[in-house]
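The values are calculated or read from the model by the stated rules, or taken from the named source; none is laboratory data. Quick caveat, the model's predicted, so the values are computed rather than measured. Note: ideal-geometry Cβ built from the backbone for every residue, glycine included; neighbour counts use all protein chains shown.
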Amino acid sequence: MSEHAKYVSPFSQRYASAAMQGIFSEDHKFRLWRRLWVILAEAEQALGLDISDEQIAQMRAAQDDIDYEAAARYETALRHDVMAHVRAFADACPLAGPIIHLGATSCYVGDNADILILREAMELIRARLVAAARALCGFAMEHKDLPTLGYTHFQAAQPVTVGKRATLWLQDLLYDLKLTEDFLRDLRPLGSKGTTGTQASFLELFDGDYARVKRLDELVCEKMGFERPVAVSGQTYSRKVDGRAQAVLAQIAQSAHKFSNDIRLLAHLKEIEEPLEQSQIGSSAMAYKRNPMRCERMAGLARYLIALQQNGAMTAAEQWLERTLDDSANRRLALAESFLAADGLLRLYRNVASGLVVYPRMMEKHLREELPFMASENLLMDAVKRGGDRQALHERIRVHARAAAARVKLEGGENDLLARLAADPAFPMDEEALGAALRPEDYIGCAARQTEDYLLGEAAEALKPYEGLSAPDEEIRV
């Protein structure tokens, strides 16, 4: 069968990086299984079991030399993936065969490897969050005092600055960064707990010596790079850990979706656009189109990731007593695809945030169209200072504002409020004086200073621990 006649995940072809795909690859998982079998043998030997240096040396030598064809043959016969790989490993190091997987159950390698994979994957997500946040920091600082029309309900509101708006996107990412740190800080492996979590098999191996059983649990985890294992478990670690991981990724998806939606709205206004390749085609029919394709892809991946969060919650809720296997097929799909989606999403985020195209003239145009309405209170105060009657002038502004709005909405004309006011004998200001009161920078409040304070303060403090951290930069495909 042709490779093109088989289903291939879009995550492999289009969205996820080689780095994240490698973390969730079968090769990486099975190498971790062998590493965990070596760790178990080393720990058991250190605690007095009859395991020789030669046996461990043979295991180490064969650790990365996996005969996948042999493992497949064993699994076809045994219908058990862990035992298939135990047999294939034993074939590669026959001296050690009798002590491989000694006292362990399948979840010793399966769950502990999953925790190692979760840690690696979340560390890569953390690096990608930092990269996207840095891109936003640079963009926000560059445009901290560039006025633009603010929107509530996507209706014109008070002006803000481009940089201030970007700090809202950044603040969401830094919140997500803290969630990834909290997850990594709290992450603990299963350790060596046995079939139902009672460590009965290990207690038998150590002739009833609970102290050595407990130390085995600790030593295995130390060799995995953790301070301690979970205190208690059934056969598996709690599936709430998976649910929490997916919840963190769903939070990231929420932030990315909001950013991508904002850029799509701004692209419609022709104020800010995502980067465009020189030969990129926006539409097969409409050659002039410049569609926000990357942001649309971000929104699509984000929705998929948000929906997957429920999967983790349901799997955790459905666990029976000490163990049930209905999580297995589900987790193979849901965990990997959650991280692959988040990886693809954050790669797009960094790419878009690093190449945003800004159109200040369009922002100024939109401000000029709306500022006369927004400035009406200031114009009223200035006119009163020049000797006008506040109540009479308020009524004149109300009448002219409605007429100007009707001209814009019903006739498609320009906002001529200033001309109407200047022509009104009751209004003691000419059009030049009125126009002088409409400088956009006078209506942005503290936006520029807020932006600078945030970037040099909270944001800088949040990113400081990651000064040496970088994420692999791979080309965005399609």
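Counting only residues that are assigned to a helix (DSSP H, G or I) and free of Cβ contacts under 8 Å to residues at least 24 places away in the same chain, which one in the range 139-175 is nearest to the chain's Cα centre (by Cα)?
The qualifying residue nearest to the chain's Cα centre (by Cα) is LEU168.
Determine, yes or no, whether VAL160 is surrounded by 21 or more Cβ atoms within 10 Å (Cβ to Cβ), among the aliphatic types (A, V, I, L, M) and under 30 Å from GLU369 (Cβ atoms).
Yes.
Scan (1) more than 30 Å from GLU271 (Cβ to Cβ); (2) touching a helix residue (DSSP H, G or I) at 6+ places or on another chain (Cβ under 6 Å); (3) modelled with pLDDT of 90 or more for the single condition ASP327 breaks and write down its number.
Unmet for ASP327, out of (1) more than 30 Å from GLU271 (Cβ to Cβ); (2) touching a helix residue (DSSP H, G or I) at 6+ places or on another chain (Cβ under 6 Å); (3) modelled with pLDDT of 90 or more: (3).
What's the number of the condition GLY48 fails, among (1) part of a helix (DSSP H, G or I); (2) small (Gly, Ala, Ser); (3) surrounded by fewer than 20 Cβ atoms within 10 Å (Cβ to Cβ)?
GLY48 satisfies every listed condition except (1).
Taking the range 371-399 on its own, how many of its residues are closer than 13 Å to PRO425 by Cα and either touching a helix residue (DSSP H, G or I) at 6+ places or on another chain (Cβ under 8 Å) or outside the structural domain of ALA433 (by TED's automatic domain parsing) (or both)?
4
Just the residues that are among the aliphatic types (A, V, I, L, M) and under 22 Å from ASP343 (Cα atoms), please, taken from the range 445-478.
ALA462, LEU463, LEU469, ALA471, ILE476, VAL478
Run PRO428 past the list (1) touching a Gly at 6+ places or on another chain (Cβ under 6 Å); (2) within 30 Å of GLN171 (Cβ to Cβ) and report the number of the one that doesn't hold.
Failed condition: (2).
For the range 381-420, how many residues are under 48 Å from the mean Cα position of the chain (by Cα) and not in a helix (DSSP H, G or I)?
Going through the range 381-420 one residue at a time, the tally reaches 5.
Yes or no, residue by residue, for (1) touching a residue at least 12 places away in the same chain (Cβ under 8 Å); (2) surrounded by fewer than 19 Cβ atoms within 10 Å (Cβ to Cβ):
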position: ARG297; (1), (2): yes, no
position: ALA313; (1), (2): yes, yes
position: THR324; (1), (2): no, yes
position: ALA336; (1), (2): yes, no
position: GLY344; (1), (2): yes, no
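Please go through (1) of a type in the set (Phe, Trp, Tyr); (2) without any contact (Cβ under 8 Å) to a residue 24 or more places away in the chain; (3) surrounded by 15 or more Cβ atoms within 10 Å (Cβ to Cβ) for TRP320 and return the number of the only condition it doesn't satisfy.
Among (1) of a type in the set (Phe, Trp, Tyr); (2) without any contact (Cβ under 8 Å) to a residue 24 or more places away in the chain; (3) surrounded by 15 or more Cβ atoms within 10 Å (Cβ to Cβ), TRP320 violates only (3).
Which residues, counting only those in the range 412-430, are farther than 13 Å from ARG398 by Cα and of a type outside the set (A, V, I, L, M, F, W, C)?
GLY412, GLY413, GLU414, ASN415, ASP416, PRO425, PRO428, ASP430, listed by residue number.
Taking the range 49-76, which residues are among the basic types (Lys, Arg) and either over 14 Å from VAL38 (Cβ atoms) or touching an Asp or Glu at 6+ places or on another chain (Cβ under 7 Å) (or both)? Walk me through it before giving the result.
Residues of the range 49-76 among the basic types (Lys, Arg): 60, 73.
Across the range 49-76, the qualifying residue is only ARG73.
Filter the range 406-421 down to residues that are loosely packed, with under 11 Cβ neighbours inside 10 Å and either touching a residue at least 40 places away in the same chain (Cβ under 8 Å) or among the acidic types (Asp, Glu) (or both), then give me how many there are.
Start the filter on the range 406-421 by keeping residues that are loosely packed, with under 11 Cβ neighbours inside 10 Å, which leaves 409-412.
Going one step further and asking which of them are either touching a residue at least 40 places away in the same chain (Cβ under 8 Å) or among the acidic types (Asp, Glu) (or both), we end up with 411.
Summing the residues that are loosely packed, with under 11 Cβ neighbours inside 10 Å and either touching a residue at least 40 places away in the same chain (Cβ under 8 Å) or among the acidic types (Asp, Glu) (or both) in the range 406-421 gives 1.
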